[in-house]
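This report concerns only the one structure given below.
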Amino acid sequence: MGDISIPKGATAKLGRVEGDLRVGQGARAESEGAIIEVTGRVICEGEAEFQGSLSCSEFSARGAWGSGGKIKILGDLKAAGEVRVENGQLSIDGSLDAASVNIDKALWVGGNARADDFDVGGVLEVRGNIMGRKVDVGGSFKVQGTADVDEVDVGGSVDIAGLVRCSQLDVGGMARIGGGEVSKDVDVGGKFESTKPLKFSKIDVGGLATLGEGGEGGDVDVGGKFESRADLSFNSLDVGGLASINGNGRGVEVDVGGLLRVSGSLTLEKDLDIGGRAYVGAELRLDSLEVGGSMEADQIVARKCIEVGGDLKTVKGAKGDSVELGHGSRTMGPIVARIVSVGHGGKVEDVYADKLELEHGSRAGNLYFREGEIEAGVHIEGEVLYTDRIESSPDVRFAKQPSRVNELPKPPL
């Protein structure tokens, strides 16, 4: 049997076609067995329906302009070459297996989908798993299973319930995935969420980003709010507004414009720079710390400097090479550093330092230092012990007169 044509609006029962199959507008092809097997091409001239699975060398359809023609396959579709639908939609109840897929409007697949390239103008929805090299969708892309696709480029929204394995995820609007790995970039214009642990190289999100079960990766750059609901390891964390980690954080550096909140410990190889406030539930270890507002942690250990514009609150204390507190700063917990500077009107508890400077109007608890300068109006509520020298204004109020000693008490950290 050679080429076969099904006339417009007609129904034909088919088994194996040795050649091409041409299907007219509104025609129907019914399978005589398990599958309609076409050795050549399948060409649909408008809306068509295939009752059963279909295999062919190529599949093409063209809807009439303005009709939004829909092609239905009530089974699987397997094409050795391209699947193309111009000005129309394709609905497959079963699975799709093709070399490439090009659909103008929408593609629905009830099972798994496999192709090298998927190019869909409007909607791509897969109820099973999807595998391929590239997915390019103009509107929305939804997968109920897993997605193993090298590059995903979607203009609107992405919703992948299962694990993702890809190198590039580029979405103009909203994206939600079920965890997995993105080896290069996650680039989302609006909102991004990973419901399971995510391994990543870079996350770049314009608005809100959420890692439901934490993750491991490289750089995080979020314009608005970032939240990791479990442990997170990273290279850099750069957030314009609020950043929170419900667990432990480990990385190289953090820069947050507003508020940083970490429920566990935070360990950084380099710096923490906060424009507003920062809270760390356990220990903070890093190279240097700069906070424009207030800082709170169980304990802070910095290899270099600690600079806090507002209040500094710790349970076990803060230690650094230098500690600089802003004007009017209120501090709880001991401070240990080579150099300690307290701005005017500031208040500190116990201080252990090589060099200490208290500006006018500040208050302090116990002071232990090698050399110190204490300006006018300072009130010292505890003891003052030093080894080398002290310079103090005559109106400084001491609860106990300063004492020069050979050895200072051992710092608590």
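The values are calculated or read from the model by the stated rules, or taken from the named source; none is laboratory data. Predicted model only: the values in this text are computed from it and were never measured. Cβ coordinates were reconstructed from backbone atoms using ideal geometry, including for glycine residues, and neighbour counts include every protein chain displayed. Heads up: the accessible areas ignore ligands, DNA and RNA and are worked out on the full protein's heavy atoms, side chains in. Shrake-Rupley method; radii C 1.70, N 1.55, O 1.52, S 1.80 Å.
What to note about this one:
- When the chain is treated as a Gaussian network with alpha carbon springs shorter than 10 Å, the biggest mean-square fluctuation among 399, 364, 80 belongs to 399.
- Accessible surface, per residue, of the chain when the full set of protein chains is kept, probe 1.4 Å, Å²: 42 Å²
- Peptide packing: for 54-60, 4-10, 377-383, the average count of neighbouring Cβ atoms within 10 Å per residue gives the ranking 54-60, 377-383, 4-10, highest mean first.
- Mean separation of Cα contacts under 8 Å, 6 or more apart, over the residue count of the chain: relative contact order %: 4 percent
- Counting 0.36 nm for each residue step from residue 270 to residue 410 and taking away their Cα separation leaves a gain of 47.6 nm.
- Gained length - residue 388 relative to residue 303, 0.36 nm times residue gap less alpha-carbon distance: 28.1 nm
- Annotation for residue 321 and residue 233: the two label points, set 7 Å from Cα along the Cα-Cβ direction, are 2.7 nm apart.
- Cβ-derived FRET efficiency at R0 30 Å, residue 148 paired with residue 72, nearest 0.05: 0.65
- With viscosity 1.306 mPa s and temperature 10 °C, the Kirkwood radius over alpha carbon pairs of the stretch 201-247 converts through Stokes-Einstein to a diffusion coefficient of 156 µm²/s.
- Taking each of 105/225; 13/105; 270/319; 142/184; 134/202 in turn, the alpha-carbon distance tops 27 angstrom for 105/225; 13/105.
- In this structure, residue 133 and residue 338 have a Cβ-Cβ separation that, at R0 = 60 Å, corresponds to a calculated FRET efficiency of about 0.55.
- Per-residue 3J(HN,Hα) values for the stretch 331-344, derived from phi via the Karplus relation 6.51 cos²θ - 1.76 cosθ + 1.60 with θ = phi - 60°, read 10, 10, x, x, 10, 10, 6, 5, 10, 10, 10, 10, x, 4 Hz in sequence order (x marks Gly and Pro).
- Where the Cα pairs of the chain fall when distances are cut into 20 Å bins, in %: 25, 31, 21, 14, 8, 1
- Computed label-point distance, nm, for sites residue 216 and residue 12 using a 7 Å Cα→Cβ extension: 5.8 nm
- Backbone amide hydrogens, once placed in the peptide plane, bring residue 52 within less than 5 Å of 74, 75, excluding anything fewer than 5 places away on its chain.
- In this rough spin-label picture, where each label sits 7 Å from Cα along the Cβ direction, the residue 252-residue 400 distance is 4.9 nm.
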